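Structure first, commentary second.
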Amino acid sequence: MRAAALAGSLYFAVVFALAFAFGALRVSMLVPRLGELGAVALEVPVLIAASWSASAWLTRSFRVPRTSVARLAMGGVALLLLAVAELSLGILLFGRGPAAQLAALGTPAGLLGLAGQLAFGLVPFIQLQWVLRR
């Protein structure tokens, strides 16, 4: 389980760093042109593709076992860290408390972003299923 936890932590860090940079681009350049939903709709597939690559690299590098439990643990650690980071950034950078952040998830853009985050958490498990079926 140690390998899964370490890989999950780095998986979060790599994808979060990319998402943070892409988020700045989304807010400054895409939202004014496409609106919030259009901008998120462009961002999510890019981040899922990056998640796929990062997960594949980290599962190999850390030799995360090819078991559902290990892969779900890896994704779960990453998703938990993402939730903590999102909540912390919302409070510290945007002055939005937990209630306001939950309310934002109820918008179309928020729901799409949430779906992307859940997919991010499931990528290590989905990759395992894909590999096992080949």
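The values are calculated or read from the model by the stated rules, or taken from the named source; none is laboratory data. Predicted, not measured: the structure shown is a model, and the values here were computed from it. Backbone-built Cβ (ideal geometry, glycine too); neighbour counts: all protein chains shown. Heavy atoms of the whole protein, side chains included, go into the accessibility calculation; ligands, DNA and RNA do not. Shrake-Rupley method; radii C 1.70, N 1.55, O 1.52, S 1.80 Å.
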- Task: Mind telling me which of the residues F62, F16, F20 ends up being open to solvent by 70 Å² or more (accessible area, probe 1.4 Å) and among the aromatic types (F, W, Y)?
- Result: F20
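Here is a list: L114, L72, L87. Which entry is in contact with a Phe, Trp or Tyr (Cβ under 6 Å, 6 or more places away or on another chain), open to solvent by 50 Å² or more (accessible area, probe 1.4 Å) and farther than 17 Å from A17 by Cβ?
L72
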- Note on the structure: Apart from one, (1) within 10 Å of the chain's Cα centre (by Cα); (2) under 22 Å from W130 (Cβ atoms); (3) among the hydrophobic types (A, V, I, L, M, F, W, C) all hold for L81; the odd one out is (2)
- Item | Pair list, Cβ under 6 Å, 6 or more apart: the stretch 108-126 residue on the phi < 0 side of the Ramachandran plot, other residue modelled with pLDDT under 95 and open to solvent by less than 80 Å² (accessible area, probe 1.4 Å) | G110/A104; L114/L105
- Across the stretch 90-111, what is the total count of residues that are open to solvent by 70 Å² or more (accessible area, probe 1.4 Å) and under 18 Å from the mean Cα position of the chain (by Cα)? 3
- Note on the structure: V27: passes all of (1) under 18 Å from the mean Cα position of the chain (by Cα); (2) in contact (Cβ under 8 Å) with a residue 40 or more places away in the chain; (3) open to solvent by 50 Å² or more (accessible area, probe 1.4 Å) but (2)
- May I ask you to say which residue of V77, V46, V14 is touching a helix residue (DSSP H, G or I) at 6+ places or on another chain (Cβ under 8 Å), within 15 Å of G116 (Cα to Cα), in a helix (DSSP H, G or I) and modelled with pLDDT of 95 or more? V46
- Query: Regarding A78, is this residue touching a residue at least 40 places away in the same chain (Cβ under 8 Å), under 26 Å from F62 (Cβ atoms), open to solvent by less than 30 Å² (accessible area, probe 1.4 Å) and of a type in the set (G, A, S)?
  - Reply: yes
- Query: Before we move on, is R60 under 21 Å from A115 (Cβ atoms), more than 11 Å from the chain's Cα centre (by Cα) and either at pLDDT 95 or above or among the acidic types (D, E) (or both)?
  - Reply: no
